[in-house]
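Note sheet for the following structure.
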């Protein structure tokens, strides 16, 4: 039945968009002609009403003035380079060249001897030429030659490499990805100087033609995962990709869950670490967010800094993070459950002080908690959206009004304010903004369950959550993988971060192809006799 | 009470005996032996048994929730919530179930051990005595009761083929029974040490009473909440396994391609049974008396294994006979 509906809907709304239709009129698989004027007429028709496209025609000082035309987009190319290296060379410098009148392969001769650029592509097809122009290359047509020359002259205004906004560290590199794919390649390549680091690029988006790149370390990565990523990317059929979030939603394993099964990160060092552990990275042009797959839930709780700090510090932070994870998810539901159903569970003095605080509050704990949590989420969202100066004002007003005035007006109890504040701070302490997002959402149903069934409701909710988490997979890897299915070997990097010299192997799920990561017995052993003097006697 | 150790060893021997010659499900094994009809009968017994036990577990669970934590809440609320969750997990399949169990298992065991340790400072050594005041017969009686509780182990007959081949099939079952038996002995020891024999016998839930008494450094007290977590999680897993095993045997009975299809009906039957079977908790406890429950459990715990052993011996001999 549904299949039938699907067909009808498809007929009515989804028009088959093959490339030429989606791109616009005037583009076909026409080949480059030897007649320069014909080519230019065609291109001018294609780029009709595109004021940023520049057409420049001139004569080269060779072969008695060959007519040459170049096409590029103003702002996407390095004009200085074009003037100096192309136009000037062709108009003046080639005159000194002792050119013989008869050249058997003019296109090859031009690209080998005349056009002084590092990257030159020869193109037969006008459609390719158009695409080259659109991606910032300068396309050169020569009268009498049935090839177009695409010169890599891309140079546009771009943001410098700055510190990433989402994942800050105290110790560690401060570089973040930028919107430029080439820069992002460089940032990763500078960290992994190996020919095993591969990047495969494809264009996704019928209109935007966004470059999307799959990166992995050959020999470490599981090839099946790479194939799967490639397949899923190739299946995408959409008009435009503006951010890696578009792609994320197309390649997820579980599209209906609140948990991210693809990790988005701005940190090149994190990507490099992931590649070394056998993950696959997906870079998308025009966004600083790279995608790492497969990802597990525990990985969302790990920050790259965990690996730069000494291991006792890192382990301590990990422990704190598990505490905050639980607080962020469970503090309000537990508060509701205990104050509503299980007052007897509190030690008597605590119970008395909470009861005293709640005295005079007109709402049940659930309504109180919902009120506060919603207010907090609103404040948080306002803080993100508003201009920075105003955002601060909002947060001050929010803190004063919500925190102080609401309590003194007797609308909420001070205990509730503490709980909400604790929850908020805890959820900020989680390293992955996107992982913390799912907890933010799940808190609300858990609160409702706590209000309906008390602790049992919370338990049932957690069990449901656990079932859900256990059933998730990210590119074939179970979502809570080092925990269940338990891999004792991989627990080294779970609750604790063991010392580097003791982590011999890559994670079993992604790096089993080349499990050994380092040599054994690398624990530092200082020599008995101190080299720095001081006999000790 | 201390005779639980005996019960554990009983079950240990049984599990070892039963685990010795089985690589497939009990049903597939019997069919291979050429006993198709009796395989169907055994499947029927397994279905009835697992659905029945699931419903009893549901009821038992809900009774405790209502009597100890939620006075006035209808039983059916807890039963239905639990059953729906169990259905969902069983539907997800044995792999997800195993992962959930793996995640929950350390919590359960750790929780029990922690609670026991916390209760140790309540202990009065004098509570242990008298040890064998009324002769051996109450010990045997208690042992049989607890032995019967290990009947659940028999459903592993159905689950064994789903195990990863790396698991040592013939040792994990007896070992796990032994471990749980030891944990039980430890717990009962703590109960007797903590609140004394007389109170323990009078209370319906002696362990809960014990936990209620726990008070450490004037602050950690009334930790029944932890008990609640353990209780919910462990019962939940038990119900899921019963449902799953029930669906496998039903699937075999009717030769279904996908045994998950019967999960929902089985769950609904279990929910209904759990409400209908007993009028009150006294009846349920009555059912657990050794005269009733041990006899009932021995059908699956002793009867079927013995039958299969005999069948296997007989068939093997005849097979050898025809080969010669």
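The values are calculated or read from the model by the stated rules, or taken from the named source; none is laboratory data. Values in this document were obtained by computation on a predicted structure and should not be read as measured data. Cβ sites come from the backbone with ideal geometry, for glycine too, and all protein chains shown count toward neighbours.
Test residue A:460 against the criterion of being over 26 Å from the mean Cα position of the chain (by Cα) and at the interface with chain B (Cβ under 10 Å from one of its Cβ atoms), and give yes or no.
So residue A:460 fits the description; yes.
Filter region A:313-338 down to the residues that are within 14 Å of chain B (Cβ to nearest Cβ) and surrounded by fewer than 17 Cβ atoms within 10 Å (Cβ to Cβ), then identify the one that is farthest from the chain's Cα centre (by Cα).
Selected residue: A:326.
Step by step: first the residues of region B:94-115, then only those that are surrounded by fewer than 17 Cβ atoms within 10 Å (Cβ to Cβ) and farther than 20 Å from residue A:483 by Cα, then the one that is farthest from the other protein chains (Cβ to nearest Cβ). Which residue is that?
The residue in question is B:113.
From the residues in region A:339-360 that are touching a helix residue (DSSP H, G or I) at 6+ places or on another chain (Cβ under 9 Å) and away from every other protein chain (no Cβ under 13 Å), which one is nearest to residue B:228 (Cα to Cα)?
A:339
Against the condition free of Cβ contacts under 8 Å to residues at least 12 places away in the same chain, under 28 Å from residue A:485 (Cβ atoms) and outside any helix (DSSP H, G or I), how does residue A:260 come out, does it pass?
Taking the combined requirement at face value, the residue does not satisfy it.
Restricting attention to region B:66-84, and to residues there that are facing another protein chain (nearest Cβ under 10 Å) and modelled with pLDDT of 85 or more, which single residue is surrounded by the most Cβ atoms within 10 Å (Cβ to Cβ)?
B:82
One line per residue, one yes/no per condition, for (1) in contact with a strand residue (DSSP E or B) (Cβ under 7 Å, 6 or more places away or on another chain); (2) in a loop (DSSP other than H, G, I, E, B); (3) more than 14 Å from residue A:435 (Cα to Cα):
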site	(1), (2), (3)
A:241	yes, yes, yes
A:247	yes, no, yes
A:250	no, no, yes
A:256	no, yes, yes
A:264	yes, no, no
A:282	yes, no, yes
A:286	yes, yes, yes
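Quick one: which helices (runs of 4 or more DSSP H) lie wholly within region B:223-297 and hold at least 1 residues that are crowded, with 18+ Cβ neighbours inside 10 Å?
Qualifying helices (runs of 4 or more DSSP H): B:224-253, B:263-276.
Residues that are at positive phi and either at pLDDT below 85 or surrounded by 14 or more Cβ atoms within 10 Å (Cβ to Cβ) (or both): does region A:373-380 have at least one?
No, every residue in region A:373-380 fails to be at positive phi and either at pLDDT below 85 or surrounded by 14 or more Cβ atoms within 10 Å (Cβ to Cβ) (or both).
Here's the yes/no breakdown for (1) farther than 16 Å from residue B:88 by Cα; (2) within 18 Å of the chain's Cα centre (by Cα):
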{"position": "B:240", "(1), (2)": "no, yes"}
{"position": "B:244", "(1), (2)": "no, yes"}
{"position": "B:247", "(1), (2)": "no, yes"}
{"position": "B:252", "(1), (2)": "yes, no"}
{"position": "B:268", "(1), (2)": "no, no"}
{"position": "B:275", "(1), (2)": "yes, no"}
{"position": "B:282", "(1), (2)": "yes, no"}
{"position": "B:297", "(1), (2)": "yes, yes"}
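Is it the case that residue A:54 is assigned by TED's automatic domain parsing to the domain that holds residue A:146, within 24 Å of residue A:155 (Cβ to Cβ) and crowded, with 19+ Cβ neighbours inside 10 Å?
no
Of the residues in region A:466-481, how many are farther than 20 Å from residue A:317 by Cα and within 11 Å of chain B (Cβ to nearest Cβ)?
Of the residues in that region, 11 qualify.
Going residue by residue through region B:85-93, is there one that turns out to be in contact (Cβ under 8 Å) with a residue 24 or more places away in the chain, within 14 Å of chain A (Cβ to nearest Cβ), more than 19 Å from residue A:459 (Cβ to Cβ) and part of a helix (DSSP H, G or I)?
Looking through region B:85-93, at least one residue is in contact (Cβ under 8 Å) with a residue 24 or more places away in the chain, within 14 Å of chain A (Cβ to nearest Cβ), more than 19 Å from residue A:459 (Cβ to Cβ) and part of a helix (DSSP H, G or I).
Taking region A:211-225 on its own, how many of its residues are surrounded by fewer than 19 Cβ atoms within 10 Å (Cβ to Cβ) and in contact with a helix residue (DSSP H, G or I) (Cβ under 6 Å, 6 or more places away or on another chain)?
1
Among the candidates A:451, A:484, single out the residue that is more than 11 Å from chain B (Cβ to nearest Cβ) and in contact with a helix residue (DSSP H, G or I) (Cβ under 9 Å, 6 or more places away or on another chain).
Testing whether each residue is more than 11 Å from chain B (Cβ to nearest Cβ) and in contact with a helix residue (DSSP H, G or I) (Cβ under 9 Å, 6 or more places away or on another chain) leaves just A:451.
Yes or no: region A:299-310 includes at least one residue that is part of a strand (DSSP E or B), more than 14 Å from chain B (Cβ to nearest Cβ), surrounded by 21 or more Cβ atoms within 10 Å (Cβ to Cβ) and touching a strand residue (DSSP E or B) at 6+ places or on another chain (Cβ under 8 Å).
no
Run down A:201, A:208 and say which single residue is free of Cβ contacts under 8 Å to residues at least 24 places away in the same chain and surrounded by 13 or more Cβ atoms within 10 Å (Cβ to Cβ).
After applying the criteria, what remains is A:201.
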